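What follows is calculated from the coordinates using simple rules that are stated; it is not laboratory data. Since the model is a prediction, treat every value here as computed from it, not as a measurement. Glycine gets a Cβ as well: all are built from the backbone with ideal geometry, and neighbour counts include every protein chain shown.
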Amino acid sequence: MVTRVSRPSDIHFLPAHEIRKMLDSRDLSSAELARSTLARIAEVDEELNAVLKTIEDGALAMADEADMRLRGSGPEPGPLTGIPVLVKDNMSTAGTETTAASKILSGYVPPFDAEVVSRLKDAGAVIVGKGNLDEFAMGSSNEHSAFGHVNNPWDTSRVPGGSSGGAAAAVAAGECAAALGSDTGGSIRQPAALCGVVGMKPTYGLVSRYGLIAFASSLDQIGPITRDVRDCADVLNAIASHDSKDSTSVAAPFEDFGEKLSNDLDGMRLGVPQEYLVEGIEPGVRSAFEESLEVLRSLGATIEETSLPLTDQALAVYYIIAPSEASANLSRYDGVKYGSAADDGLNAAEFSQHTRGEMFGDEVKRRILIGTYALSAGYYDAYYKKAQQVRTLIRQEFTEAFTRFDALVTPTSPSIAFKTGARMNDPLQMYLADVCTIPVNIAGLPGISVPAGFSEEMPVGLQVIGPQFGDPTVLQVAHAYEQATDWHRTHPPI
Amino acid sequence: MESLTDDEVRYVARLANLHLTDEEVGKYRDQLTGILAHVQSLQEIDTSGVEPTGHATESTTVLRGDASEQPLEREEVLGNAPAVSGEFIRVRAVLD
């Protein structure tokens, strides 16, 4: 097993819980850490473009407040107190421009915080900036940002994955200790895998979507991108809640996301759905995955092949449901209430058509058109309703599998990070990047990606999928695997 | 499945309140045709009697307490509008 050189003394690459110990022992203050994190962003982000905006004054003020809490005044400090966090730029930050990487929201300054942002602030986290993304979170490579693509810190000629590409690249490159992403079809897990960090989409509903700029409401879910699984559980504990401002949010039926974290998997029954290993998987990804199965076995898990025959159909279901919901959600952008507008001299109808035509990017227009077509008179039953019915069958298939298995394990992505530009002219090929992650959103399940080795010197991710509200089990499997390997301690040469 | 026509793309764009250039119409005609052909595979699945899923998790409607809350200030809301006139958002004339 290859173990890369790591520089554990460099605070920018430490997991948050280790940084937190340094803050506790007064080896470091949160203010020093915030300044050094902002300096790190200034140093490396010209090359990466992972951070759309830093929040310097706000971060330093939050860091001072965190230092007070750490010294015993104010509310009891928690695991995130004083920790620098980046928030994907589709989550509203009061007083700080929030664009979802779209020209149509250029200049938009939300008057309120997203619920997750309020909860991070309550936890004492230091929000250092906003992460780049594919416009409105639509994409798998972060090439669809109106403000420039993001480069992968392991090889800057490659994409970081998407749509939370900025958040994943920033965690990998030491520009923050943790980040929040959003995941509609893999947008947390796929970039986490391609950048060599941990990313988790919790069970649908566990994290409030209030203040998240909506893409596909029945699939969207916010989650953490972190350096290790312990940090992932800590961030989830801070952000998960029932929220009266999001009617789809639910209280977790467990106390602590990290309640099952341990170093062995005795008696754990893991299934490997064969459909995730066939078409198009790169040999290097497959062999890294097979090695990770050996590690899981050595920890006491039983591993059995299984079959989820509808896996192939999940992509088709997704590419009807997600654009349909997006076409409705994005109808609010008309140049009247907020954001940017077309030039004057047009009547009311032309004005909003031109605003949308000029301000939306190529992928967003493509999805609005697919969704509008699928929802239009005469096609609704054949597309949207049909997709929702197959969605039911996919859910049932997972439910049946979880009567036999505690969790499923798969590769997170069939390929390593591809070269920037390689798939830009072929939307279908781009969509296939999410083939292993999409079924999890369709069924509302928890899924995590943990670093699981390298192929062609680029990171590969292992995905663990659990039943609804099986989030602690998913974290348990990921944690035991991680602790038995060194992959999470490697970092890019940037 | 047959290829979409330019007129169908223009019709859908009008429904979506989206202005497209002629060049875009041609590009999206071809790409949408490809994507719609890909999702045709769903038609082969027997879904007779299957209930559609709107949301993947069970949820029931919960009503919050009937208590008043502080709304946003008018200035904060107007501050984001591209065109404002006094206390109002300015829009284009709908009727000539």
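What to note about this one:
- Estimated FRET transfer efficiency when R0 is 60 angstrom, pair residue B:46-residue A:42 (beta carbons, to 0.05): 0.55
- 27 Å Cα-Cα reach of residue A:260 towards lysines, excluding residues that sit fewer than 8 places from it in its own chain: A:21, A:121, A:201
- Sorted by Cβ neighbour density within 10 Å, fewest at the top, the residues A:475, B:4: B:4, A:475
- Using the Cβ-Cβ distance between residue A:403 and residue B:58 with R0 set to 22 Å, the FRET efficiency from 1/(1 + (r/R0)^6) comes to roughly 0.80.
- Scaled radius of gyration (Cα, divided by 2.2 N^0.38 Å) that region A:10-95 gives: 1.11
- Dipole of the protein assembly as shown, positive direction: furthest Cα of B:34, A:125, A:229, with charges on the beta-carbon: A:125
- Measuring between their Cα centroids, region A:43-81 and region A:108-138 lie 13 Å from each other.
- Region A:425-494 - Rg and Dmax from Cα coordinates, angstrom: 14.4, 41
- Calculated FRET efficiency for the pair residue A:274/residue A:106, C-beta based, R₀ 56 Å, to 0.05: 0.75
- At the listed q of 0.06, 0.09 Å⁻¹, the Debye profile of chain A, built from one uniform point per Cα, gives log10 I(q)/I(0) equal to -0.24, -0.55.
- Crossing angle, helix B:6-15 versus chain B [Cα axis fit, 0-90 degrees, rounded to tens]: 30
- Computed across region A:178-295, the Kirkwood radius stands at 16.1 Å (inverse of mean 1/r, all Cα pairs).
- Contour excess over end-to-end distance, with Cα ends at residue B:15 and residue B:70 and 0.36 nm allotted per residue: 16.1 nm
- Farthest toward positive dipole pole in chain A [+1 Lys/Arg, -1 Asp/Glu at C-beta], among A:425, A:61, A:349: A:349
- Helix-only [θ]222 nm of the protein assembly as shown, DSSP H runs n ≥ 4, -39500 (n - 2.57) each, per residue, nearest 500: -11000 deg cm²/dmol
- Cα centroid separation, region B:22-79 to region A:181-236 (Å): 19
- The tail of the calculated P(r) for region B:37-76 beyond 15 Å holds 73 percent of all Cα-Cα pairs.
- Unit charges on C-beta of K, R, D, E only; dipole of the protein assembly as shown, Debye: 260
- Per residue, the convex hull spanned by the Cα atoms of chain B measures out at 269 cubic angstrom.
- Residue (of B:47, B:11, A:211) at the positive-pole extreme of the protein assembly as shown, dipole from beta-carbon charges: A:211
- Relative contact order [Cα under 8 Å, 6+ residues apart], chain A, whole percent: 18
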